[in-house]
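What follows is one structure encoded as structure tokens, with my remarks underneath.
Only the coordinates and a few stated rules stand behind these numbers; no lab work does. This is a predicted model, so every value here is computed, not measured. Cβ placement follows ideal geometry from the backbone for every residue including glycine, while neighbour counts extend to all protein chains displayed.
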């Protein structure tokens, strides 16, 4: 039953809606890129993310040439990424290109321009970054003598392992008689 149904409503309603709405405005690829940069600005992406994403989208639009964005498949995106990675760019940069294209095609999908988000079918390489730098023991020993100064004594108390142990309260015996408990009620 669902294989032959084109729309969830009758053709008469679709024809009437088309008369009311009129034809959809078609945008050029570069107009869509400009609108995408405005969309990133509205979503409050950082300046570097905006520049990076718009640069990757512009390079992709130059790569596909006169091909419509509706006709772009994940094979086109993959061949673009292969072409970009031939230039010995880092894994982070290739993933940034892919993320920029994903955001652009999400934008197009939300606007009803494309039916699928082609870059979502591609998974980028995983990047394992370097370990964080460790402060050498010699530098730590240089920091300890200033903490022994009288003015910074409270700070040095916080840095010691004993500071993590809460102080003990003196042990007291609490005797409550039943008469006291009844009087307090």
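When 26, 73 are ordered from fewest to most other Cβ atoms inside 10 Å of their Cβ, what list results?
Fewest-to-most Cβ neighbours within 10 Å comes out as 26, 73.
Quick one: if you stick a label point 7 Å off each Cα along the C-beta vector at residue 120 and residue 51, how many nm between them?
Each label point is offset 7 Å from its Cα along the Cβ direction, giving 3.1 nm.
Expressed as a whole number of Å, what is the distance separating the alpha-carbon centroids of segment 82-116 and segment 52-77?
Result: 8 Å between the Cα centres.
For a test of the definition: using alpha carbon positions, the gyration tensor, and the 1.5 limit on a/c, classify segment 28-121 as rounded, prolate or oblate.
Judged from the Cα gyration tensor, segment 28-121 comes out oblate (a/c at least 1.5, b/c at or above a/b).
Counting alpha carbon pairs within less than 8 Å and at least 6 residues apart, what relative contact order, in whole percent, applies to segment 28-121?
For segment 28-121, the relative contact order is 32 percent.
Could you list 44, 120 in order of exposure, starting from the residue whose Cβ has the fewest other Cβ atoms within 10 Å?
Fewest-to-most ranking of 44, 120: 44, 120.
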